Amino acid sequence: MTALDDLLDHLFEGKPSELSTEVEGWLRGSRRFQTFVTTYRDKIRTKIKHAPADGGLLDLRAELATAEILLREERFTLAYETYTAARQRGPDFTVTFKTHTLFNVEVRRIRSRDLNDSDPEARISKLMNVLCDKVGQMPPSMMNMLWLYGERALDTDDFTEATVRLRQLAERKQEDYFTRRGFQNAVDFLKCYRQLSGVVLWQGGLQHLWLNSLARHPLPADLVNGLRRLER
């Protein structure tokens with residue numbers, strides 16, 4: 001048995017699945033992804049074993065696929081769920097860029113059924129809810145990225161409209177909208193929103209890279225270029 005076979009057996013307990021086949025392909029195609037998975041093999045095994053029945057493995061697949069994509073950039077190294085280890089709510093990955101620049105990446109799977117609505121208002125509303133849910137867990141001290149991993153293509157116009165509407169609601173102090181989503185008020189939302197540096201829309205490739213003009217910690221140009229280099 002090879003080291004790769006041993007790793008796969010450890011992760012999936014010798015039970016082949018669609019996920020194990022995909023992960024094997026990523027492992028064989030990337031030595032850097034092999035190193036990442038080996039480092040976090042026990043964590044990943046636990047996640048596989050205890051994944052919730054309602055889409056838990058698909059959420060994990062999105063996280064692992066994102067790790068494989070990020071590791072295509074030689075200047076990125078990943079740490080997995082560092083905030084969870086410290087018993088804090090926080091993004092999935094902490095990425096080191098060029099050995100000294102840190103940024104976080106939170107992965108959110110967007111299900112096909114959430115995008116299949118013929119009503120654009122419903123799709124925009126869904127994206128607004130996703131943004132509200134995720135900005136609240138972005139640490140204030142560093143750059144933070146939200147990675148939207150679509151099961152089908154994400155409409156960039158829908159996403160742009162969602163960001164515009166959220167900003168307008170906050171600036172108009174539509175307090176009820178934000179208190180219903182766990183914020184103290186519109187000002188509290190804007191404080192969290194400024195902690196979001198940018199968003200990647202990914203579905204089989206980089207569809208869109210949105211940079212937050214209000215970000216407290218904007219992404220530097222060389223990091224933006226590194227993210228754009230990920231598509232292959």
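The values are calculated or read from the model by the stated rules, or taken from the named source; none is laboratory data. Every value quoted in this text rests on a predicted model; they were computed, and no experiment measured them. Glycine gets a Cβ as well: all are built from the backbone with ideal geometry, and neighbour counts include every protein chain shown.
Being in contact (Cβ under 8 Å) with a residue 24 or more places away in the chain, closer than 21 Å to residue 93 by Cα and hydrophobic (A, V, I, L, M, F, W, C) is not true of residue 51.
How about region 96-123: which of its residues are more than 16 Å from the chain's Cα centre (by Cα), closer than 24 Å to residue 158 by Cα and surrounded by fewer than 19 Cβ atoms within 10 Å (Cβ to Cβ)?
Restricting attention to region 96-123, the residues satisfying the condition of being more than 16 Å from the chain's Cα centre (by Cα) are 97-101, 112-123.
With the extra rule that they be closer than 24 Å to residue 158 by Cα, the set shrinks to 112-123.
Scanning region 96-123 gives 112, 113, 114, 116, 117, 118, 119, 120, 121, 122.
For residue 190, state whether it is within 26 Å of residue 62 (Cα to Cα), of a type in the set (A, V, I, L, M), surrounded by 16 or more Cβ atoms within 10 Å (Cβ to Cβ) and assigned by TED's automatic domain parsing to the domain that holds residue 118. Judged against the criteria, residue 190 is not a match. Listed conditions (1) under 22 Å from residue 71 (Cβ atoms); (2) of a type in the set (Lys, Arg); (3) in contact with a Ser or Thr (Cβ under 9 Å, 6 or more places away or on another chain) are all met by residue 108, apart from (3).
Where helices (runs of 4 or more DSSP H) fall wholly inside region 56-117, the ranges with 2 or more residues that are under 27 Å from residue 31 (Cβ atoms) are 56-70, 82-85. Mind listing whichever residues of region 189-232 are touching a residue at least 40 places away in the same chain (Cβ under 8 Å) and assigned to a strand (DSSP E or B)? Of everything in region 189-232, those that are touching a residue at least 40 places away in the same chain (Cβ under 8 Å) and assigned to a strand (DSSP E or B) turn out to be 198, 199, 200, 201, 202, 207, 208, 210.
Cβ-Cβ contacts under 9 Å between residues 6 or more apart (or on different chains), taken from a first residue in region 1-30 that is assigned by TED's automatic domain parsing to the domain that holds residue 65 to a second residue that is part of a loop (DSSP other than H, G, I, E, B), are listed as 8/14; 9/1; 30/71; 30/72.
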